[in-house]
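Chemist: One structure follows; several queries about it will come next.
Please treat every number below as a calculation from the coordinates, not as lab data. Not measured: the values here are computed from a predicted model. Counting neighbours? That spans all protein chains shown, and the Cβs are built from the backbone with ideal geometry, glycine included.
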Amino acid sequence: MSFDNLTALKPYLSFFHPITMWILLVVALYAMYLGVQVRRTRLAEGESKKELVKGRFAIRHHQIGSILLALMVIGAIGGIMVTYINNGKIVIGPHLFAGLGIVGLISTSAALVPFMQKHNWVRNVHVSLNLILLGLFGWQAVTGVQIVQKILSQMMMDGAV
Ligand code: HEM
Ligand code: HEM
């Protein structure tokens, strides 16, 4: 397929995915903070529990988690599409596999939600999957910036910048 009519857009397209994914990394860290507060609320007792309940952390965590889920899947699809538009092929490498791994992890972790209320071990699986996810996300940030550097030096060689 030819994407010649997208040529003018290409430089912007390349940076859209990296920038939005950095923002999403912050959203993921915020989701983690809210999740930790959910756990603290569940385990707290007495006065401190009453205080923590006011934070409505469970609802807020679920909301941010849902937004994170949607944007993560769209972001991964977007990364693949932009790579295809720019190179005419998909680059098969660590960033692709870690990205697909993240999509699998976050979908599974969200799919566990209906079972979490009843079984504590499912909560622990949810937390473990998401910790692996955050580790992989950090790795994506590093490999992603390396790809950005490659794209920039390619652009400079082509005289586009
Ligand atoms: C960065 C990713 C995430 C992290 C680190 C994380 C972490 C946590 C933690 C620590 C808990 C508390 C477990 C406990 O009470 O022992 C929790 C609960 C929960 N999480 Fe997540 N989570 C993440 C993403 C998600 C996503 C994507 C969803 C759904 C779309 C989600 C939905 C929930 C729900 C519904 C609960 C239970 C709240 C309740 O007790 O009512 N989380 N999560
Ligand atoms: C956090 C920082 C991230 C940065 C800076 C980044 C950067 C990039 C860049 C520059 C590309 C190449 C686009 C092109 O060729 O024009 C790319 C591709 C891609 N990204 Fe990311 N990315 C990040 C996070 C993520 C995450 C979290 C996922 C998955 C959820 C992901 C999934 C992909 C996929 C599947 C591709 C296409 C395959 C490939 O080129 O390896 N990226 N990314």
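Chemist: Please report the relative contact order for the chain, taking Cα pairs under 8 Å with a sequence separation of at least 6, and give it as a percent rounded to a whole number. Display every interim value, and only then the final one.
Modeler: Numbers: 92 pairs, mean separation 41.3, N = 161.
Dividing the mean separation by the residue count of the chain yields 26 percent.
Chemist: With a 10 Å cut-off between alpha carbons and a GNM built on the chain, which of GLY138, GLY93, GLY46 moves the most?
Modeler: GLY46
Chemist: Now, a different point. What number, in percent, do you get for the relative contact order of segment 1-70 if the mean sequence gap of Cα pairs under 8 Å and at least 6 apart is divided by its residue count? Show your work: numbers first, answer last.
Modeler: Working: 25 pairs, mean separation 24.6, N = 70.
For segment 1-70, the relative contact order is 35 percent.
Chemist: Kindly write out, for segment 79-91 in residue order, the coupling ³J(HN,Hα) from the Karplus curve 6.51 cos²θ - 1.76 cosθ + 1.60 (θ = phi - 60°), rounded to whole Hz, with x marking Gly and Pro.
Modeler: Per residue, the Karplus-derived 3J(HN,Hα) values read x, 5, 5, 5, 4, 5, 4, 6, 10, x, 8, 9, 7 Hz.
Chemist: Can you work out the Karplus-derived ³J(HN,Hα) for every residue in segment 102-114? Use 6.51 cos²θ - 1.76 cosθ + 1.60 with θ = phi - 60°, whole Hz, and x for glycine or proline.
Modeler: 4, 4, x, 5, 5, 5, 5, 5, 6, 5, 6, 3, x
Chemist: Ok, one more. Taking the simple approach of a point 7 Å from Cα along Cα-to-Cβ for both ILE132 and TYR84, what is their distance in nm?
Modeler: 2.7 nm
Chemist: If you only keep lysine pairs separated by 8 or more in sequence, or across chains, how many in the chain come under 26 Å at the Cα atoms?
Modeler: Values: LYS10/LYS89; LYS10/LYS150; LYS49/LYS118; LYS50/LYS118; LYS54/LYS118; LYS89/LYS150.
Lysine pairs, 8 or more places apart or on different chains, close enough: 6.
Chemist: If the viscosity is 1.567 mPa s and the temperature 4 °C, what Stokes-Einstein diffusion coefficient in µm²/s follows for the chain when Rh is the Kirkwood radius over Cα pairs?
Modeler: Numbers: Rh = 17.7 Å.
Diffusion coefficient, whole number: 73 µm²/s.
Chemist: Net charge around LEU96, counting only other residues with Cβ within less than 15 Å of its Cβ (Lys, Arg = +1; Asp, Glu = -1)? Kindly include the intermediate steps, with their values, before the conclusion.
Modeler: On the way: positive: LYS89, LYS150; negative: none.
Net charge around LEU96: +2.
Chemist: Shifting gears a bit: Helix-only estimate, please: 222 nm mean residue ellipticity of the chain, summing -39500 (n - 2.57) across DSSP H runs of length 4 or more and dividing by its residues, to the nearest 500. Don't jump to the answer; show the numbers that get you there.
Modeler: Numbers: 6 runs with 134 residues, N = 161.
Result for the chain: -29000 deg cm²/dmol, rounded to the nearest 500.
Chemist: Let me spell out the model: positive unit charges on the Cβ of Lys and Arg, negative unit charges on the Cβ of Asp and Glu, origin at the Cα centre of segment 4-152. What dipole size does that give, in debye rounded to 20? Mind showing how you got there, number by number?
Modeler: Details: 13 positive and 4 negative charges, 85 e Å.
Here segment 4-152 has a charge dipole of around 400 debye.
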